[in-house]
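Chemist: For reference, the structure I am asking about is given below.
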Amino acid sequence: MKTVFFIAAAVMIAVALAALLLPLVRQGRRSGRSRGVFALTLAIAFVVPLAASGLYLLVGTPAALNGVSAEATQPLTMQQALDELHAHLAQQPDDVQGWMLLAQTLSVQHDPAAARDAYDRVLKLDANNAEAMVGWAENDSMTRSDHMIEGRALDLLKRAVLLHPDSQRGLWLLGISDFQHGEYRDAAATWRLLQPQLEPGSDVARAVAEQIAVADARGGGAPAGAASTTTVAAPQGAALQVQVALAPALKDKLAAGDVLFVYARADKGPPMPLAVARLDAGQLPANVTLTDAMAMTPAMKLSSVTHVFVGARISHSGQPIAQSGDLEGDAGIVAVDSRTPVKISIDKVH
């Protein structure tokens, strides 16, 4: 094992995280918005363990072991460090800590597919590793265009929370999965389990309380006796009025059971919708109001951006992912604070 690599990797990961996170902290403080701070805090507290500590546990004091002086040690690039780690794992494929380090590093580098594979190696070696379960589920959702948490990802999250009921990231992601599937009461109940672990009055606690309020509002109100650590009224947030009509030339392509999706996504950012409404296509023409409460995940909503791309699609399969033969239309880029109804004519075939 080349112990110099491990220390260099720890330093580079720490520097990379600092470069990534510090500007976000400053931006969140300047804007005074808890959502950004919340996302940042989750990334620090839940997503990325202290890589340097893990590396130290792996190798102890490298200079004492191999006698390499600090002056003779040449810093490695991140790619060289990853190459060294891959070489080490090729020689010692049963090194659980090594695979965990690789998975966490790949996650930081925004390579969710590779990170998920590395977490999978951990789970093959340690089937009860709750941290790897949560990491696998999170990175699996990031590989999907709809960012849904379901299937094996959901099963792993449930198991992780059973093994470790105080898993903050596990509870947060499990609540997101509930929210994505329209199980708003379950989402609120799951996030309430997270609240006692948070510092009262902190930005994180307030942000979690806001998401609970949104889930309660969509689920028909808080259950009797439920109380949040921080009382926050359900935010009104942004709202866009959208008027959707089907072009006469395409009316003969409309079939029974077709589903209409009206959505808004960030002008510059991930393709995941910030708000989406699902209707029976037979209701066309239709008026829809897209709001923060329609976000697919609580952390990504209309009010988080200034401009959005607004579109509509008639799906013959009923699935949100566009498929050949679907009917589409859009209104282009629209300001989120627009008070003028957005008009869309569905006039194209995908």
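Laboratory data are not the source of any read-out in this text; all were calculated from the coordinates shown. This is a predicted model, so every value here is computed, not measured. Neighbour counts are summed over all protein chains in view; Cβ atoms, including those assigned to glycine, are modelled from backbone coordinates with ideal geometry.
Chemist: Whose amide H sits under 5 Å from the amide H of LYS343, counting only residues 5 or more places off or on another chain, with H placed in the peptide plane?
Modeler: GLN243
Chemist: I want the local charge near THR190. Using Cβ-Cβ distances under 11 Å, sum +1 for each Lys or Arg and -1 for each Asp or Glu among the other residues.
Modeler: Within the 11 Å Cβ shell, the charges total 0.
Chemist: Further question on the same structure: Can you return the lysines within cross-link range of LYS251? Criterion is Cα-Cα under 26 Å, with same-chain partners fewer than 8 residues away left out.
Modeler: LYS343, LYS348
Chemist: Collect residues whose amide H, placed 1.01 Å from N in the peptide plane, falls under 5 Å from the amide H of LYS348; neighbours closer than 5 in sequence don't count.
Modeler: Residues meeting the criterion, in which the H sits 1.01 Å from N, are GLU328.
Chemist: Another question about this same structure. Excluding ALA293 itself, what net charge comes from residues whose Cβ is under 12 Å from its Cβ, given Lys and Arg +1 and Asp and Glu -1?
Modeler: Combined, the nearby Lys, Arg, Asp and Glu give -1.
Chemist: Taking the Cβ of LEU274 as the centre, find all other residues whose Cβ is under 9 Å away and add up their charges (Lys, Arg: +1; Asp, Glu: -1).
Modeler: +1
Chemist: Beyond 16 Å, what share of the Cα-Cα pairs of the stretch 135-196 is found? Please give it as a whole percent.
Modeler: Result for the distance tail: 38 percent.
Chemist: Now a separate question. Enumerate the aspartates and glutamates that LYS253 could reach by cross-link, defined here as Cα to Cα under 17 Å, with residues fewer than 8 away along the same chain left out.
Modeler: Correct list for LYS253: ASP280, ASP326, GLU328, ASP347.
Chemist: How would you order 104-115, 165-176 from highest to lowest mean count of nearby Cβ atoms within 10 Å?
Modeler: With the highest mean Cβ count within 10 Å placed first, the list reads 165-176, 104-115.
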